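Student: Before I ask anything, here is the structure I am working with.
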Amino acid sequence: MRNQKGKAKCMDRRTFLMVLGILSLLGFLLRWTGIRFRGVDYEQCLEAWFLQLKEGGSLAALADFQGDYNVFYATILYFLTLLPVEPVISIKMVSILFDYLGAGVAMKMGMAAGEARDNSCLYGAAAYGLVLCNPVGVINSGYLAQSEGIWASLALLSFWYIWQEKPVRGMWALGAALAMKLQSIFILPLILILYFYKKKFSILHLLWVPAAIQVLCIPAILGGCPADIAFRTYGEMLGEYPFLYYYYPNIWTFFKEAPYYQFGSAAVIITFTALLLFAVLFMQSQTKHTLRDVMEYAVWTTMTCAMLLPCMHERYNYMAELLLPVCALFHRKLRIPALVLVLLSMQCNGQSYLGWEFVSHYGLAAGNLIIYFYLTWRCFQRLYQAERREAESC
């Protein structure tokens, strides 16, 4: 009876695969409409880097790479120069392929979180479609040729593996994400919290992260780059921008002229304090956290970094913008915040790359902060109530 009841509520495998196929085609068509669009960032950076690597003709060109992206991405660009495909298409196709990986991870999360409601296939398909057809993702890879889909998908994969108690795979995925872009470290606070919460793997598993980064740098090292090229790049990024505010509408939008060298450390301390307080409440709650709740916590921790850290780029909240709509499948009160967050991100990217000027940066920052404070209230209230119930039961 239980299986029959489950089948009655959940679509069958054939329908499930058909829905995934339709969503996959729709996601691709949405991106293909902008496949030949050449934005300012593409023309001034990506195309120039591609041509420089192509002119070099060998791995040695990586040693002379002039871009400010990590060497792992430069390595991908080099191998793309070997293909008989227009650079604007080949560069975008890499990001698009990883969009499908991110959607697949979201589908797995949706199915696992929806099992308690006996309709995991429906939730899985909905999560897949929400991530793959998210306008922010479509614009990022299909139009702007950006790489957020690569590092965000790998970071979400890392989170999923850790939740599944597969730490080696999780750390390799995190290492690959960090090798792509440093902002994937935004998922690390939650991964560390899950480590102390579950205690199902050794902290030494974190050593797989630098190992993965180093392995992905092997082609560049063979081309003449120093052995510590990846870690050297991270150091060069720190303190690169002179002010606390840098394009992303967060709390520092209202302090645009505040110099980084004076207030940067204070901003980092504020962020660390917020994450530490959350971690303490999470550990003391002594309750069984569901995947649905932890997905929302993942949104909050990543958004905390984007909202409170200095020098945030307009694309640094990408993970939260993908994951919050998935969380809204299980929490109705998150549906409006998820929709507004996506719309705000579209406007933010539109201002930077497409010439949109519908809302001021102050308006965007206010909207983002309202959503962030609402998520903060939800997460801390849930943890506090769980801790209070635990204390009363004792």
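The values are calculated or read from the model by the stated rules, or taken from the named source; none is laboratory data. Note that this is a predicted model, so its numbers are computed, not measured. All Cβ positions, even for glycine, are placed from backbone atoms using ideal geometry, and neighbour counts span all protein chains on display. Heads up: the accessible areas ignore ligands, DNA and RNA and are worked out on the full protein's heavy atoms, side chains in. Shrake-Rupley method; radii C 1.70, N 1.55, O 1.52, S 1.80 Å.
Student: Just to be sure I understand, how many residues within region 317-337 are over 18 Å from ASP99 (Cβ atoms) and buried (at least 24 other Cβ atoms within 10 Å of the Cβ)?
Tutor: Going residue by residue through region 317-337, those that are over 18 Å from ASP99 (Cβ atoms) are 327-337.
Now restrict to residues that are buried (at least 24 other Cβ atoms within 10 Å of the Cβ): 327.
Summing the residues that are over 18 Å from ASP99 (Cβ atoms) and buried (at least 24 other Cβ atoms within 10 Å of the Cβ) in region 317-337 gives 1.
Student: Given the conditions (1) of a type outside the set (D, E, K, R); (2) in contact with an Asp or Glu (Cβ under 9 Å, 6 or more places away or on another chain); (3) surrounded by fewer than 19 Cβ atoms within 10 Å (Cβ to Cβ); (4) over 26 Å from TYR143 (Cβ atoms), and given that GLY350 satisfies all but one, which numbered condition is not satisfied?
Tutor: Failing condition for GLY350: (4).
Student: Only residues that are within 17 Å of the chain's Cα centre (by Cα) and open to solvent by less than 50 Å² (accessible area, probe 1.4 Å): list them for region 73-107, please.
Tutor: Across region 73-107, the qualifying residues are TYR73, VAL94, SER95, ILE96, ASP99, GLY102, ALA103, GLY104, VAL105, ALA106, MET107.
Student: Does any residue of region 270-291 turn out to be basic (Lys, Arg) and in a loop (DSSP other than H, G, I, E, B)?
Tutor: yes
Student: Could you count how many residues in region 87-116 are in contact (Cβ under 8 Å) with a residue 12 or more places away in the chain and either at positive phi or of a type in the set (D, E, K, R) (or both)?
Tutor: Count: 3.
Student: A further question on this structure: Considering only residues that are open to solvent by 30 Å² or more (accessible area, probe 1.4 Å) and touching a residue at least 12 places away in the same chain (Cβ under 8 Å), which ones fall in region 263-274?
Tutor: PHE263, VAL268, ILE270
Student: What's the number of the condition GLU314 fails, among (1) assigned to a helix (DSSP H, G or I); (2) out of contact with any Pro (no Cβ under 7 Å at 6 or more places or on another chain); (3) surrounded by fewer than 23 Cβ atoms within 10 Å (Cβ to Cβ)?
Tutor: Condition not satisfied by GLU314: (1).
Student: Answer yes if at least one residue in region 173-185 is farther than 19 Å from VAL105 by Cβ, out of contact with any strand residue (DSSP E or B) (no Cβ under 7 Å at 6 or more places or on another chain) and open to solvent by 10 Å² or more (accessible area, probe 1.4 Å), and no otherwise.
Tutor: Checking region 173-185: at least one residue is farther than 19 Å from VAL105 by Cβ, out of contact with any strand residue (DSSP E or B) (no Cβ under 7 Å at 6 or more places or on another chain) and open to solvent by 10 Å² or more (accessible area, probe 1.4 Å).
Student: Okay, next question. Name the pairs: first residue in region 55-73 and within 15 Å of ALA227 (Cβ to Cβ), second residue in a helix (DSSP H, G or I) and among the aromatic types (Phe, Trp, Tyr), Cβ to Cβ under 8 Å, at least 6 apart or on different chains?
Tutor: Close Cβ pairs (under 8 Å, with a partner that is in a helix (DSSP H, G or I) and among the aromatic types (Phe, Trp, Tyr)) amount to LEU59/TYR78; LEU62/TYR78.
Student: Name the residue that is modelled with the lowest pLDDT, counting only residues in region 369-388 that are of a type in the set (Lys, Arg) and surrounded by 13 or more Cβ atoms within 10 Å (Cβ to Cβ). Break it down into steps so the answer makes sense when it comes.
Tutor: Filtering region 369-388 for residues of a type in the set (Lys, Arg) gives 378, 382, 388.
After this cut, where a residue has to be surrounded by 13 or more Cβ atoms within 10 Å (Cβ to Cβ) as well, the list is 378, 382.
Details: ARG378: 94, ARG382: 87.
Step by step, filter region 369-388, then rank; the result is ARG382.
Student: Still on this structure, please answer the following. Hand me the list of helices (runs of 4 or more DSSP H) wholly inside region 121-218 holding 1 or more residues that are under 14 Å from the mean Cα position of the chain (by Cα).
Tutor: Working: elements: 148-163, 167-180, 188-198, 208-216.
Here the list reads 148-163, 167-180, 188-198.
Student: Look through region 202-246, keep the residues that are more than 18 Å from LYS181 (Cα to Cα) and modelled with pLDDT under 80, and return whichever of them is surrounded by the fewest Cβ atoms within 10 Å (Cβ to Cβ).
Tutor: Top of the filtered list is PRO242.
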